[in-house]
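Reviewing the structure listed below.
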Amino acid sequence: MMKRLSGLIAAPHTAFRADGSLALDMIPLQARLLAHNGVSGAFICGTTGEGSSLTGEERRQVVEAWVAARPAGLAVIVHVGHLSIGDACAYAAHAQAAGADAVAALAPSFFRPPGLGELVSWCARIAAAAPKLPFYYYHMPAMTGVSFPAADFLQAANAVIPNLAGVKFTHENLMDFGRSMEVADSKFTMLFGRDEILLSGLVLGAPGAVGSTYNFAAPLYLRIIEAFKRGDIAAARRDQLKAMDFIEVLGRHGGLSAGKTAMKLIGIDCGPVRLPLRVVSAAEEKSLREGFERIGFFDYCSKLP
């Protein structure tokens with residue numbers, strides 16, 4: 001039986017040097033930070049990890065470095081999606097051979113599957129390349145343009161993909177999330193993927209969540225989870241609003257680029273982003289820091305061990 005993922009799963013940034021090369025030496029520090037702050041997993045080479053901007057060799061190097069650096073109890077989930085199904089299968093096979101704990105894949109976003117059957121077949125091929133690992137479908141319509149309901153995908157894929165474990169659900173359709181939780185007698189693990197509305201996912205039964213801001217604000221989100229578990233919804237809402245506040249600041253200063261700057265501000269410099277993303281300027285970094293200070297971000301952000 002496949003082990004179910006749960007708790008906070010961070011989507012780490014891929015660290016680069018000033019010249020754009022990989023800074024693999026940052027991965028042990030990133031991994032220690034996550035474990036120290038109560039994060040249960042690392043979802044690597046995905047959106048936040050700029051996986052689509054990495055070469056194939058770089059993706060393999062990042063996977064191997066994370067597997068080697070992970071502390072006990074920190075699961076490594078590898079995003080293996082690619083526009084080429086052959087490359088996606090090769091990444092999945094490599095992740096299994098390297099010792100990862102699970103794989104996940106976005107839907108293809110240039111030649112998109114015309115129907116649900118084609119999406120299931122696409123995922124089945126990739127999952128079969130790593131048959132010993134749980135496979136998660138990465139549902140992110142805003143980026144892929146593939147918007148078949150996750151609940152329908154799970155119903156269609158249940159009998160087709162033996163190692164299908166669930167969905168990384170990065171979408172705002174809470175009805176679809178709730179319906180997905182009930183497919184096949186709640187067989188599948190639904191990992192909630194919108195940090196700014198984590199509390200909504202918890203209300204609908206999410207056992208875990210994957211997000212970029214868990215890299216640098218895990219203590220705040222763990223407070224939300226604990227408050228929800230003890231029935232203190234007012235406290236959970238207050239802390240969720242704090243998360244909304246700093247996510248709004250991040251959005252005004254570049255989104256993913258600003259997230260890397262946030263890592264720098266807590267002591268882990270993950271370097272620049274790659275083109276076509278825009279690097280945060282010195283002035284923008286100063287404004288981001290000031291915005292964080294105004295809302296008290298540094299009172300609850302992750303701390304270095």
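The values are calculated or read from the model by the stated rules, or taken from the named source; none is laboratory data. This one's a predicted model, so the numbers in the text were calculated from it and none came from an experiment. As a convention, Cβ positions derive from the backbone with ideal geometry for all residues, glycine included, and neighbour counts pool all protein chains shown.
Please work out if residue 167 is assigned to a strand (DSSP E or B), in contact (Cβ under 8 Å) with a residue 60 or more places away in the chain and either surrounded by fewer than 19 Cβ atoms within 10 Å (Cβ to Cβ) or on the phi < 0 side of the Ramachandran plot (or both). Answer is no for this residue.
Looking at segment 1-16, which of the residues that are touching a helix residue (DSSP H, G or I) at 6+ places or on another chain (Cβ under 6 Å) and in a strand (DSSP E or B) is surrounded by the fewest Cβ atoms within 10 Å (Cβ to Cβ)? Checking each candidate, the answer is 8. Number of residues in segment 47-72 that are part of a loop (DSSP other than H, G, I, E, B) and more than 21 Å from residue 213 (Cβ to Cβ): the value is 3. If only residues of segment 31-46 that are of a type in the set (Gly, Ala, Ser) and assigned to a helix (DSSP H, G or I) are counted, the one that is surrounded by the most Cβ atoms within 10 Å (Cβ to Cβ) is 31.
Here the condition is being at pLDDT 95 or above and on the phi > 0 side of the Ramachandran plot; of 46, 41, 7, 56, it holds for 7 alone.
Condition check ((1) over 28 Å from residue 174 (Cα atoms); (2) without any contact (Cβ under 8 Å) to a residue 60 or more places away in the chain; (3) surrounded by 19 or more Cβ atoms within 10 Å (Cβ to Cβ)) across all residues:
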| position | (1), (2), (3) |
| --- | --- |
| 80 | no, yes, yes |
| 91 | yes, yes, yes |
| 95 | yes, yes, yes |
| 98 | yes, yes, no |
| 120 | no, yes, yes |
| 134 | no, no, yes |
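Residues of segment 228-266 that are assigned to a helix (DSSP H, G or I), of a type in the set (Lys, Arg) and over 15 Å from residue 197 (Cα atoms): 229, 252, 260, 264. Restricting 129, 184, 124 to residues that are more than 20 Å from the chain's Cα centre (by Cα), surrounded by fewer than 19 Cβ atoms within 10 Å (Cβ to Cβ), closer than 20 Å to residue 77 by Cα and aliphatic (A, V, I, L, M) narrows the list to 124. Confirm whether residue 178 is within 30 Å of residue 241 (Cα to Cα), surrounded by fewer than 21 Cβ atoms within 10 Å (Cβ to Cβ) and of a type outside the set (A, V, I, L, M). Here the answer is yes, as residue 178 does meet what is asked.
Among the numbered criteria (1) assigned to a helix (DSSP H, G or I); (2) without any contact (Cβ under 8 Å) to a residue 60 or more places away in the chain, which one does residue 19 miss? Of (1) assigned to a helix (DSSP H, G or I); (2) without any contact (Cβ under 8 Å) to a residue 60 or more places away in the chain, only one is false for residue 19: (1). Restricting attention to segment 206-223, the residues that are part of a loop (DSSP other than H, G, I, E, B) and small (Gly, Ala, Ser) total 2.
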